[in-house]
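Data block below; observations after.
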């Protein structure tokens, strides 16, 4: 089992869906200390960075995301940090990420 699959297991989502920017992906809330520590282990978040995470935060995971000029990946302010995890993120020419909030994005494979 790779790290991404272990993360999906922790989040209790299957992550097999295709994610088009700005559509809902599978999400969960990390709110226990054990889950939070396992999450940090799986995502290689440093001790210094861990100190900035609140007690509870939302995590969104998907196998793939396709970012196009027509569908930029827009991260809205949700009044709490959000962590996004994608196995593969693909940008078409002109695709962009627009972020209005505190967010962490991790990607195993980036395709431009």
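The values are calculated or read from the model by the stated rules, or taken from the named source; none is laboratory data. As the structure is a prediction and not an experimental result, all values here were calculated from the model. Glycine also receives a Cβ, built like all others from the backbone with ideal geometry; neighbour counts cover every protein chain displayed.
Observations on the structure shown:
- Matching residues in the range 63-94 - criterion: being farther than 21 Å from residue 31 by Cβ and in contact (Cβ under 8 Å) with a residue 40 or more places away in the chain: 63, 64, 65, 66, 67, 68, 71, 72, 73, 74, 86, 87
- Residues within the range 65-79 that are in contact with a strand residue (DSSP E or B) (Cβ under 6 Å, 6 or more places away or on another chain) and closer than 28 Å to residue 52 by Cβ, tallied: 6
- Subset tally (residues that are assigned to a strand (DSSP E or B) and more than 12 Å from the chain's Cα centre (by Cα)) for the range 30-72: 3
- The residue list 69, 54 contains one member that is under 22 Å from residue 109 (Cα atoms), modelled with pLDDT of 70 or more and surrounded by fewer than 17 Cβ atoms within 10 Å (Cβ to Cβ), which is 69.
- For residue 64, the test of being surrounded by fewer than 17 Cβ atoms within 10 Å (Cβ to Cβ) and either modelled with pLDDT of 80 or more or out of contact with any helix residue (DSSP H, G or I) (no Cβ under 9 Å at 6 or more places or on another chain) (or both) is failed.
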